[in-house]
Amino acid sequence: MRRGETHAPDSAPGRNRLFVDIHTHVEQYDDSELPGVLQRAAEADVGAIVVAGVTAASSARAVALAHANPALFAAVGAHPQDLGGPLSDTDLGKLDALAGDEAVVAMSEIGLDFQPSSLSYGDQAAGDQKTALRAQISIARNHDLAVIWHMREATAECLRIMRDEKVGGLRGAAHYFQGSYDEASAVIDMGCKISLAKPLLRLPWLQDVAARIPLSAVVLETDSFPQPFKKNRAKWTEPRDIPLVAQKLADLRGIEVSEVMAATTENALSLLGARGEQLATRLGA
Ligand SMILES: [Zn+2]
């Protein structure tokens, strides 16, 4: 949906009564953990989970998992933190081939990360990231895929590239958004979505942003991955935590959580476009 539009009255019955987690790394769980993660997500009304690779190899695992699990849908990409050098033509070729798979709904996780540890391997690191980002946006364009992007300590540069590449026309979302109202407005004004995650539960400025931006621009995610640094296994972030983020957003805006669910699911389907058709079918089933 675009800003200002209301929910389509002819939405398929059922599909807006489930959440979508538009960005996770559940491919990093081992095979013994995954069934429990998916079961707990289903019990929390999370009907569809996008699993994003961070390298060509993990993107291939994401695609394989999506074929094996009806609630999982894949995103493919090379994460800027994982580059460690120029993205090779071999890996670009693998990502391009994966992007055509019917289980793939987005290019992710791609973007820019200019924190010192991500730039430490050499002077060309920032340039490598920008080249890799543009090459992967090109893959997204060729396959009609949404771009769900990462930006850390690189917001202005990342938004410049998104604008230059006309990602808004392609469809996109700023993942794990923690920026200012002005940065959120810049993302929304270029036709992209704001993806909110658990930082909404604790960051006052993000709560202010989330209360003010149009609900039609918001999608939800957990960015979940195995967290062995948390000793209590029950405290690991999982897709089942989506309702916590949704409830917080509902409280901030003074609306019912069911309204947040309906709107963010509709927004997720709008974000994924035609490539999200199987995901939409899954929610409506
Ligand atoms: Zn991520």
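Each value in this text was obtained by applying a stated rule to the coordinates, not by laboratory testing. As the structure is a computational prediction, the values presented were derived from the model and not from experiment. Neighbour counts are summed over all protein chains in view; Cβ atoms, including those assigned to glycine, are modelled from backbone coordinates with ideal geometry.
Among Asp45, Asp96, Asp251, the largest mean-square fluctuation in a Gaussian network model of the chain, built with springs joining Cα atoms closer than 10 Å, belongs to Asp251. Which of the listed residues, Ala186, Ala78, Pro199, is farthest toward the dipole's positive end in the chain, when Lys, Arg count +1 and Asp, Glu count -1 at the beta-carbon? The residue sitting most towards the positive pole is Pro199. Longest stretch of the chain clear of exposed loop sites (chymotrypsin sites (Phe, Trp or Tyr not before Pro), DSSP loop, at most 15 other Cβ atoms within 10 Å, sites excluded): 1-120.
Across q = 0.15, 0.24 Å⁻¹, the stretch 68-164 modelled as identical point scatterers on its alpha-carbon atoms has Debye log10 I(q)/I(0) values of -0.56, -1.23, in the order of the q list. Between Gly111 and His150, the built amide H atoms are under 5 Å apart, and every one of these is 5 or more places off in sequence or on another chain. Across the chain, the longest run free of exposed loop sites, meaning trypsin sites (Lys or Arg not before Pro) lying outside DSSP classes H, G, I, E and B with no more than 14 other Cβ atoms within 10 Å, spans 4-165.
Comparing Cα centroids, the stretch 153-185 and the stretch 223-247 end up 26 angstrom apart. Largest first, the extents of the alpha carbon coordinates of the chain on the three principal axes equal 49, 43, 40 Å. When GluC sites (Glu not before Pro) are flagged only if DSSP places them in a loop and at most 16 other Cβ atoms lie within 10 Å, the longest unflagged stretch of the chain comes out as 154-255. Paramagnetic label reach from Val257 (point 7 Å along Cα→Cβ; backbone nitrogen cut-off under 14 Å): within the stretch 226-242, residues 240-242.
Here the spin labels are modelled as points 7 Å beyond Cα on the Cα-Cβ line, and at Asp189 and Asn69 they lie 4.0 nm apart. Could you tell me what percent of the DSSP beta bridges with both partners in the stretch 15-284 are antiparallel, to the nearest 5? Of the beta bridges lying entirely in the stretch 15-284, close to 0 percent run antiparallel.
Which residue fluctuates most in the GNM of the chain (Cα springs below 10 Å): Ala274, Ala132, Ala210? Looking only at Ala274, Ala132, Ala210, the largest GNM fluctuation is found for Ala274.
This model, with +1 at the C-beta of Lys and Arg and -1 at the C-beta of Asp and Glu, gives the stretch 15-284 a dipole about its Cα centre of some 480 debye.
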